[in-house]
Amino acid sequence: MWTEILLIPFVIILVVFFLFWIVHEGIRWQKHRFLGGFARFIQHSPGRAFFTFFLLFILMIPASLFLMTGLWLDALASPLGPQRVDVVNVMLLLFLVLAFAFPVMYSSLGTWRNARRAEAEMKVRPTGM
């Protein structure tokens with residue numbers, strides 16, 4: 001029971017992360033009927049894209065820990081007791097999801113950093129050259 005209840009926030013965060021990841025690149029998504037709002041939000045600026053992915057990545061960590069806690073609570077309440085195989089499989093899947101989310105978040109950090117650097121160079125460099 002606890003696994004299913006604590007699975008809900010993890011799945012919601014994961015789905016929102018995937019929606020933002022899908023529409024992160026490409027202007028054609030802005031006119032999409034359902035995904036247009038996500039595309040317009042994330043494509044507004046590189047800083048907004050980074051902070052969105054960063055927030056979702058940070059939220060995935062406690063959500064995955066809650067999911068594992070729910071699995072342990074269900075395992076302790078069952079007559080068989082905790083089974084290590086189930087917990088290890090869930091832990092490996094959660095590490096896989098986090099390993100996928102980290103490069104997406106880190107690449108958006110690089111994009112934001114390069115945009116800030118280019119913006120700073122434009123302010124320093126005179127326009128008459």
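Applying a threshold of 8 Å to beta carbon distances and a minimum spacing of six or more residues, or different chains, the list of pairs starting in region 68-83 at a residue that is farther than 14 Å from I5 by Cα and open to solvent by 40 Å² or more (accessible area, probe 1.4 Å) and ending at one that is part of a helix (DSSP H, G or I) and not polar (S, T, N, Q) reads P82/W72; P82/A75; P82/L76; Q83/A75.
The residues in region 37-79 that are within 30 Å of R117 (Cβ to Cβ) and either in a helix (DSSP H, G or I) or touching a Cys at 6+ places or on another chain (Cβ under 6 Å) (or both) can be counted, and the count is 22.
Looking only at residues in region 119-129 that are of a type outside the set (D, E, K, R) and open to solvent by 70 Å² or more (accessible area, probe 1.4 Å), the one that is nearest to F17 (Cα to Cα) is M122.
For region 91-118, a residue qualifies if it is among the polar types (S, T, N, Q) and either surrounded by fewer than 13 Cβ atoms within 10 Å (Cβ to Cβ) or within 23 Å of P9 (Cα to Cα) (or both), and exactly one does: N114.
Annotation note: of F17, F51, the sole residue that is open to solvent by less than 70 Å² (accessible area, probe 1.4 Å), under 28 Å from V90 (Cα atoms) and at pLDDT 90 or above is F17. Among residues of region 20-48 being surrounded by 14 or more Cβ atoms within 10 Å (Cβ to Cβ) and of a type in the set (A, V, I, L, M), the one that is modelled with the lowest pLDDT is L35. Screening G47 against (1) in contact (Cβ under 8 Å) with a residue 24 or more places away in the chain; (2) under 17 Å from L6 (Cα atoms); (3) not polar (S, T, N, Q) leaves a single unmet condition, (2).
The values are calculated or read from the model by the stated rules, or taken from the named source; none is laboratory data. The structure presented is a predicted model; accordingly, all values stated were derived computationally and were not measured. Cβ coordinates were reconstructed from backbone atoms using ideal geometry, including for glycine residues, and neighbour counts include every protein chain displayed. SASA here: full protein model, heavy atoms, side chains in, ligands and nucleic acids out. Shrake-Rupley method; radii C 1.70, N 1.55, O 1.52, S 1.80 Å.
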